Amino acid sequence: MLLVLAQACLAADTAVSTVLRPSDPLNQAAFEHYYSLDYDAAIQDFERILARHPNDPFAVNHLLSAIQVRELYRMGAMNTGEYSNDSFIGQAHRPADPAQKVRIRQLVEQAEKLENAELGRNPNNVDMLYARGVTRGQFALYTALIERAWFSALRNAVGARRDHERVLELAPQYTDAKLVVGAHNYVMGNLSLAVKIAVALVGLSGDKDKGIQYLSDAYHGNGETSVDAGVVLMVFLRREHRYGEALQIARAIGPRFPRNYLLPLEEANLLRVSGKSGEAEEQYRRVWQNGREGKYGSLHYEIAALGLGDLLRSQKKYQAAAAAYELVSEVTGADQELLQKANLGAGEMYDQLQKRDLAVKKYEAVVATNSGNAEADKARKRIKDAYRE
C-alpha cells in the first residue's frame, strides 16, 4: 500500500483544457508521450521544457517523474505480470541503473532547493507547498522501490501528505492536492487496529471513505492530478470490490491514450474478478490483437496472452489455456520473465492434458531462459513429477 501512496505524484489531464505548469507549448506533447508509456520521448520533451524554465520546480518534477517511471519500467517493477494484484507497481526484478539513481537524486535536490527558497520567502505559497509535496512523493517512490528503504519512504510520504494538507487549508479549491491526501487517508484507514494505534502516536490517521472521496474529487477536478487520481482510485475501488466503478474509470481513461496497453489490460482484469469471464476473454484477446497489429509499439503487450491463459485455466479449459500461453513465444523480444511464466503455464496445461512430452519441453524452456529463479525451480520439479491440479 505504501507503493500506491508513493506513486500518487504528478499527473496531467491531456484530454481537457487543463493549465499545465510551467506554461510551455511543449507540455501537451510531453504528457501525451508520458501517458502513452513513450518515456524516452517524454523525457526529451521535459528536458527541453526545463531548459527553458530552469527555476520552475514543476518543470523539474515532471522530468523527475518521467525518468523515475522509465527506470521502474525497465527494472520490471511496472511490467511483471502482477497487474491483477493491488497495484500496477510490483517487486523490481532487475537492479536500478546507478547513473539513473544519481540523476533522480540530483533532480530531487534541485526541486527542493527551488521550493524551499520560495517557501523561505513566503511559507504560505500554495504552489510551492504543492510542488514540494510532489517532490517528496516522488522521493518516497524512489526510496521504496529503488533503494528499498521503507522508513525513509514513509517519512517522505508523510511529508508529502502534510504539505498537501496545508495547501488544502490555505486553498480548499486546490483539488490537485487531494490526490496525495486522499491516497494517504485510504492507506492509513486500511491498517490493522494495532498499527493504527501505533501511527496515531506520531500524529497520523486515516479514513477510507474520506480517502476515496478526495481521490474522486481530484479525478473529476480536471487538474494536473486527474489521470493519476483516476488510476489510484481505480486500484482502491478494486480493493473495495467496487468493480463497476473501477471499470468506468478504466473505460474513461483508456481510450484517451490508445498506445498505453496497461489500462485496457486492467479493464480485462476487472472484468475477470467481477465474474464477467466472457467479456474478460474478449478484452484480453482485443489487447493481444492490438499489440500484434503494432498499436503498442515495442511495449510488452504479450502479458495479455498470459492473462488470457490464466482466465481459461481457471475455467478448466486446459487446451485453450495452453494455446493462449503459447502466444507469448510468438512475440519477438518478449519479456523473458513473462515468457518463463507462459512456458510454465503451458507445460502444466499439457500435463493436465496428459501430453507429457510437450509438457517437459516447456519446462526445459523455462529453465533454459533463466535457471536461477522461482519459475525455474518449479519447472525442475515438474520435469521430475507431472503437474496435477
Notebook entry, point to check: Is it fair to say Gly309 is modelled with pLDDT under 95 and either over 18 Å from Glu337 (Cα atoms) or in contact with a Gly (Cβ under 9 Å, 6 or more places away or on another chain) (or both)?
Noted result: no
Residue pairs within 8 Å by beta carbon, gap of at least six or interchain, first lying in the range 53-68 and touching a residue at least 12 places away in the same chain (Cβ under 8 Å) and part of a helix (DSSP H, G or I), second among the basic types (Lys, Arg) and buried (at least 24 other Cβ atoms within 10 Å of the Cβ), listed first then second, are Pro57/Arg132
task = Kindly indicate whether any position in the range 323-330 is closer than 26 Å to Gly297 by Cα and among the aromatic types (Phe, Trp, Tyr).
result = yes
Please verify whether Leu154 is surrounded by 24 or more Cβ atoms within 10 Å (Cβ to Cβ), modelled with pLDDT under 85, outside any loop (DSSP other than H, G, I, E, B) and among the aliphatic types (A, V, I, L, M), treating the condition exactly as stated. no
Only unsatisfied item for Arg380, checking (1) more than 23 Å from Leu308 (Cβ to Cβ); (2) modelled with pLDDT under 95; (3) not polar (S, T, N, Q), is (2)
Note on the range 236-252: residues in a helix (DSSP H, G or I) and either out of contact with any helix residue (DSSP H, G or I) (no Cβ under 6 Å at 6 or more places or on another chain) or of a type outside the set (A, V, I, L, M) (or both) are Phe236, Arg238, Arg239, Tyr243, Gly244, Glu245, Gln248, Arg251, Ala252
Asn124: passes all of (1) modelled with pLDDT of 95 or more; (2) assigned to a helix (DSSP H, G or I) but (2)
The correct count of residues that are under 22 Å from the mean Cα position of the chain (by Cα) and assigned to a helix (DSSP H, G or I) in the range 292-308 is 6
Selection from the range 292-308 of residues crowded, with 22+ Cβ neighbours inside 10 Å and of a type in the set (Gly, Ala, Ser) yields Ala304, Ala305, Gly307
Within the range 301-320, is there a residue that is under 24 Å from Ala77 (Cα atoms), of a type in the set (Ser, Thr, Tyr) and in contact (Cβ under 8 Å) with a residue 12 or more places away in the chain? yes
Counting only helices (runs of 4 or more DSSP H) entirely within the range 323-389, those with at least 1 residues that are among the hydroxyl-bearing types (Ser, Thr, Tyr) are 336-352, 356-369
Screening Ala59, Ala6, Ala111, Ala77 for residues that are modelled with pLDDT under 65, touching a Leu at 6+ places or on another chain (Cβ under 7 Å), crowded, with 22+ Cβ neighbours inside 10 Å and of a type in the set (Gly, Ala, Ser) leaves only Ala6
Considering residues that are surrounded by 18 or more Cβ atoms within 10 Å (Cβ to Cβ) and either of a type in the set (S, T, N, Q) or under 17 Å from Leu37 (Cα atoms) (or both), the number found within the range 233-268 is 10
*Could you check, for the range 86-93, whether at least one of its residues is in a helix (DSSP H, G or I) and at pLDDT below 95?*
no
Of the listed residues (Glu348, Glu326, Glu364), the one being more than 16 Å from Tyr284 (Cα to Cα) and surrounded by fewer than 24 Cβ atoms within 10 Å (Cβ to Cβ) is Glu364
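The values are calculated or read from the model by the stated rules, or taken from the named source; none is laboratory data. What you see is a predicted model; the values in this text were computed from it and never measured. Because the Cβ atoms are built from the backbone with ideal geometry, glycine has one as well, and the counts that use them run over all protein chains shown.
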